[in-house]
1. Among the residues of the stretch 533-549, what is the count of those that are charged (D, E, K, R) and more than 21 Å from Ile452 (Cβ to Cβ)?
2. What number of residues in the stretch 278-305 are buried (at least 19 other Cβ atoms within 10 Å of the Cβ), without any contact (Cβ under 8 Å) to a residue 24 or more places away in the chain and either more than 19 Å from the chain's Cα centre (by Cα) or farther than 20 Å from Tyr242 by Cα (or both)?
3. Identify the single condition in (1) modelled with pLDDT of 90 or more; (2) part of a helix (DSSP H, G or I) that Gly198 does not satisfy, given that it satisfies every other one.
4. Scanning the stretch 667-702 for residues that are more than 17 Å from Trp625 (Cα to Cα) and over 28 Å from the mean Cα position of the chain (by Cα), which turns out modelled with the highest pLDDT?
5. Does Ala799 satisfy the criteria of being within 18 Å of Ala666 (Cα to Cα), modelled with pLDDT under 90 and not in a loop (DSSP other than H, G, I, E, B)?
6. Looking at Thr91, Thr63, can you tell me which residue is modelled with pLDDT of 85 or more and more than 44 Å from the chain's Cα centre (by Cα)?
7. Do you know which residues across the stretch 110-121 are farther than 15 Å from Val83 by Cβ and of a type outside the set (Val, Ile, Thr)?
8. Looking at the stretch 251-270 only, could you name the residues that are over 20 Å from the mean Cα position of the chain (by Cα) and either part of a helix (DSSP H, G or I) or not small (Gly, Ala, Ser) (or both)?
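The values are calculated or read from the model by the stated rules, or taken from the named source; none is laboratory data. These figures come from a predicted structure and were not determined experimentally. Note that we place each Cβ from the backbone using ideal geometry, even for glycine, and neighbour counts take in every protein chain shown.
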Amino acid sequence: MATPSASTIQAPRASHALERYVQARAAAMASFVASNRIQPLWRALTQATDALLAGAAGDSGITLVAVGGYGRRELFPYSDIDVLVLLPAGTVDALERGVIALLQSLWDQQIPVSHATRSVEETIQLAREDATIAAALMDARYLAGDRKPYLALKRRLRLEVFGQQPRQFVEAKLAERETRHAKYGDSRFMLEPNVKEGKGGLRDLQTLSWLTRYCYGTAKAQDVIRDDMLSAREWRTFRQAYLFFATLRAHLHIQRGRADERLSFDLQPSIATALKFRGRTPQLRAERLMLRYFQFTRAVGNMTRVLCATLEEQQLRAQPAPFVQEHVARELPAYLHVVHGRLHFTDAADLEHTPAHLLGLFAAAQQYGLDIHPRAQLMISRILPRMGRALPLDGESNRALLGILLSPNAPEVTLRRMNEMGVLAAIVPEFGKLTGQMQYDGYHTYTVDEHILMAIGNLRQLEQGVWEKPFPIASALAAEARDRAVLYTAMLCHDIAKGTGGMHADKGAELAQHVAWRLGLQAEEAALVGWLVRHHALLSDVAFKRDLDDPKTIADFVAVVQSPERLRLLLLITVADIKAVGPSIFNGWKAALMRALYQRAVAAMGVGGPYPQDMLHDEALVAQWMAQPQSIAMHLSHDTFEAVTLLTLCAASSPRLFTVVAGVLAGLGANIVSARLRPLPEDAGMAATLVQLRIQNLHGESFVDDARRLAALPQRIAEGLRAPDTLGEGIAERRVVARVQAVPVRSGVFIDNQASSTASVVEVNARDRVGLLHDMLRAFDACQLTVLTAHIATYGQLAVDVFYVKDAYGHKLTHGAKQAQLQQLLTHAIEPTKEPS
C-alpha cells in the first residue's frame with residue numbers, strides 16, 4: 001500500500017461529524033439518567049466515539065486500535081479515549097506528520113484522546129516488559145485503517161505475551177494494586193471512596209479479570225467459574241458489583257460534568273435518589289446507597305483473596321520452606337492442616353457441627369502468620385449462613401475470639417479478615433449491625449466497623465511503643481496495662497450502638513456488658529467494660545472543651561472517673577479512638593490537652609506529683625508594654641511537638657480587645673485553639689490585659705515556618721481597636737464555609753452555670769468557618785460580657801467553642817432576659833455564610 005501524504009489525512013469534516021457525536025453523547029447520558037442502565041450507555045458512547053474516530057482517520061491508512069476501557073466498550077462520559085496508533089516499522093515522515101495532524105484535529109475539538117504510537121514489534125516488546133501495557137492490550141479492538149497490523153498484533157500477543165510470564169505478571173499487578181490502595185486510603189470502608197481506584201472498587205475487579213485471563217488463557221472473566229475459584233453465585237456477585245460501581249462512576253461523571261471518581265458526601269444523596277434508594281430523607285437514602293456499596297466491596301475483598309491465593313498456590317510464587325511447614329503442622333490441632341503454606345480444614349463436613357473450629361482457623365493463622373487456603377475461604381462463605389444463631393452462643397468460639405483480640409500478633413489484621421469474610425458479624429451480631437455504617441459528621445474518615453478495627457490496632461501499637469514520641473504517657477501505661485481483656489473488649493464495643501438513635505454511649509454500655517459476658521469476662525470486668533463504653537468520650541470532651549486551670553473542672557472529672565485504674569484505661573481508649581478517626585485528626589495540641597487533664601486528675605487523686613501550672617504572665621513582656629503603654633507588646637514562640645504557636649500580647653485593657661485580636665488573626669488565616677485573658681494589677685493608673693493564645697495555621701500546624709505573617713499583628717490590632725468596623729473586610733475573603741455542605745451539623749447554644757464555680761460556661765456548636773470566633777465574640781461584646789477563657793475544638797465540619805464568661809459586675813450570667821439575649825445574638829452569629837456561586 002502506498003504511503004499516504006499528510007494532505008490525504010482528513011480532519012473530522014467540520015460540524016457534521018462533531019455535531020452527530022455531541023448529540024449522540026447527550027442522548028446517551030439522558031437515557032442513562034432516566035434508566036440507570038450502564039450497558040446501553042457504554043454501547044452508545046462507544047459507538048459514537050468509534051464513528052467519530054473512524055471518520056477522522058478516513059482512508060489515510062493509519063491503523064487505529066482501541067485499548068483499555070475503550071477497547072472493552074466500557075466508555076464513561078468523561079473518561080479518556082485510549083487509542084493505539086499502529087505504524088509500520090521505519091515509517092516515513094509524511095505518515096508521522098499525518099498521525100500528528102489527525103490527533104491534533106481531535107484535540108482541537110476537545111476530544112480527550114490518549115494515544116500511543118508504535119510499531120507492532122515495539123508494542124510486543126513493551127507488553128513483555130510492562131504489565132500495565134499488557135493488561136490494556138488484552139482488550140485491544142480494531143477501529144480503522146489497515147487490519148493487517150492489528151491482526152498481526154493480536155496473534156503475537158496471544159503467542160508471545162499472554163500467559164508467558166505468569167509469576168512476573170501477577171507480582172507486578174499485585175504490587176501496582178498495593179501502591180494504588182496506599183494512595184487512596186488502603187481501606188474498603190472509606191466514607192468518601194474512590195469508586196474506580198479505591199480498595200474493593202472497579203480497578204480491583206478489573207485486576208482480577210486481567211490476572212485470570214493472563215494466567216489461564218480465558219477469553220472472559222466469567223470463565224473463572226470453577227470449583228476451585230468462584231461458584232456461579234459468586235460470579236453473579238462479581239458482575240453485580242462491577243455494574244453497580246460502573247453505574248456510580250457514570251453518575252459521578254454526569255453530575256460533576258468531568259471525570260470525577262470520588263463518591264463524596266455532597267453527591268451521595270443525589271445519586272442515591274437517582275438510583276431510587278428508599279428513605280424519608282436524603283441522608284437515609286444516602287446511607288442505604290453506601291451500605292450497598294460496602295457490601296459489594298467486602299464481597300470483592302473475599303473474591304480477591306480466593307483468586308489471588310489460588311494463583312499463588314499454583315506455583316506463581318515461591319512456597320515456604322518445607323521444614324517450616326512441618327514444624328507448624330506438628331503444632332496444629334487435628335482439624336487443621338497446611339496445604340502449600342496455607343491453612344485448611346482437615347474435615348469439611350466437621351465444620352458445620354463444630355463452630356469453634358471456624359474461630360480456631362483464624363486463631364492459628366494469626367499465631368503462625370499463615371494465609372488461609374482459598375478452598376477454606378470458599379467453604380466459610382458457603383457454610384456461614386447455615387450456622388444461624390449457634391455461633392454467638394458457643395462458649396469455645398467466644399473464648400477463641402477473646403484470644404484473637406488479646407493476641408500480640410496484629411489483632412486488627414485478623415479481625416479485619418474475619419469482618420470482611422462475615423465471621424466477626426456472625427459471632428458478634430451486635431458488631432455485624434455496624435458493617436458498612438456511615439458516619440455523616442465530616443469528622444470520621446471510615447465506616448463505624450473499620451474505625452473500631454483501626455482503634456484496636458492503635459491500642460496494640462501503643463503497647464508496642466510505636467506512638468511513644470507523640471503519646472509518651474499513654475504508651476507507658478499501655479505497656480504496663482493489667483486489664484487487657486477489659487481494655488480490648490471495651491475498644492471492640494465502644495461504638496457498638498452507633499446508628500441506634502439517642503445516646504449511643506449509654507445504649508452501648510449495656511450491649512458491651514453482654515458481649516463481655518459471652519467472651520468469658522467476670523462480672524466486675526464486664527461492669528468496667530460497660531463503664532468505659534458509657535464514658536469513652538468523657539476525657540476528650542473535658543480536655544478539649546473545658547478550662548483545665550479551673551479547679552472545678554478537675555474535681556467534676558475526678559468525681560466521675562473515681563479511680564486511677566479507670567483513668568488509665570480511659571486515656572488509652574481515648575487516644576486509640578481519636579487516632580482512628582482519620583489520618584490527620586489527632587495533632588500535638590490535642591495530645592497535650594489530654595496529657596494535661598490526665599496529669600491534673602492524677603494529682604487530684606493523690607497518686608501523682610503536682611502538675612506544673614502555666615505561667616500567668618511574662619514579666620519582660622509587661623515591662624515592654626509599660627515602657628510604651630500606647631503600643632501592643634507581643635511575644636511569639638513555637639511548639640512543633642504540640643503543633644501550635646504560642647502568642648502572648650500585652651495591651652491596654654479594652655472590652656473589645658479579644659474580639660479585635662480574633663478578627664485580625666482570622667484575616668491572617670490563623671485559627672485560635674485556646675485563649676486566656678488575664679487583667680494585670682493596675683500600676684500608676686494604667687490597666688493592662690495579658691492575652692495568651694495558642695494558634696495554628698489553616699493546616700493545623702504552627703507558624704514556625706511562616707512567622708513573618710504574624711509580624712504586623714500589633715499594628716493591625718491597634719488599627720482594629722481604633723476602627724473595629726474595618727475588621728470584617730479582612731475576614732470576608734476567607735469567610736467561605738468549609739467544604740462538605742452535605743454533612744449535617746446541629747448547631748446550638750448552651751449556657752451552664754454549674755460547670756464552673758466562678759464563671760458561666762457557654763458552649764456553642766456551629767458549622768466551622770474562618771471568622772466564626774470573631775462573630776461570636778462580637779455577640780458577647782454586645783451583651784457586655786467579659787470572656788475569660790476560650791477553648792476551641794473542631795470535629796470535621798463541627799466547631800465546638802466553649803467560653804468562660806462573666807458580666808460587667810464580675811458575676812455569672814443568671815438573668816433570664818440576659819441569657820435569652822445572648823442566645824439570640826449567638827444563634828444569629830453562627831448562621832453559615834453562603835458560598836459564592
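1. Restricting attention to the stretch 533-549, the residues satisfying the condition of being charged (D, E, K, R) are 534, 541, 545-547, 549.
Within this subset, residues satisfying the condition of being more than 21 Å from Ile452 (Cβ to Cβ) are 545-547, 549.
Within the stretch 533-549, residues that are charged (D, E, K, R) and more than 21 Å from Ile452 (Cβ to Cβ) number 4.
2. Of the residues in that region, 1 qualify.
3. Going through (1) modelled with pLDDT of 90 or more; (2) part of a helix (DSSP H, G or I) one by one, Gly198 breaks only (2).
4. First, the residues of the stretch 667-702 that are more than 17 Å from Trp625 (Cα to Cα): 667-676, 693-702.
Still in the list and also over 28 Å from the mean Cα position of the chain (by Cα): 667-668, 675-676, 693.
On the way: Gly667: 85, Leu668: 85, Ala675: 87, Arg676: 85, Leu693: 90.
The extreme case among them is Leu693.
5. Working: within 18 Å of Ala666 (Cα to Cα): yes; modelled with pLDDT under 90: yes; not in a loop (DSSP other than H, G, I, E, B): yes.
Against the criterion (within 18 Å of Ala666 (Cα to Cα), modelled with pLDDT under 90 and not in a loop (DSSP other than H, G, I, E, B)), Ala799 qualifies.
6. Working: Thr91 fails: modelled with pLDDT of 85 or more.
None of the others qualify; the one that does is Thr63.
7. As a first pass, look at the stretch 110-121 and keep what is farther than 15 Å from Val83 by Cβ: 110, 119-121.
Within the stretch 110-121, Gln110, Ser119, Glu121 meet the criteria.
8. Of all residues in the stretch 251-270, those over 20 Å from the mean Cα position of the chain (by Cα) come to 251, 253-259, 270.
Selection gives His251, His253, Ile254, Gln255, Arg256, Arg258, Ser270.
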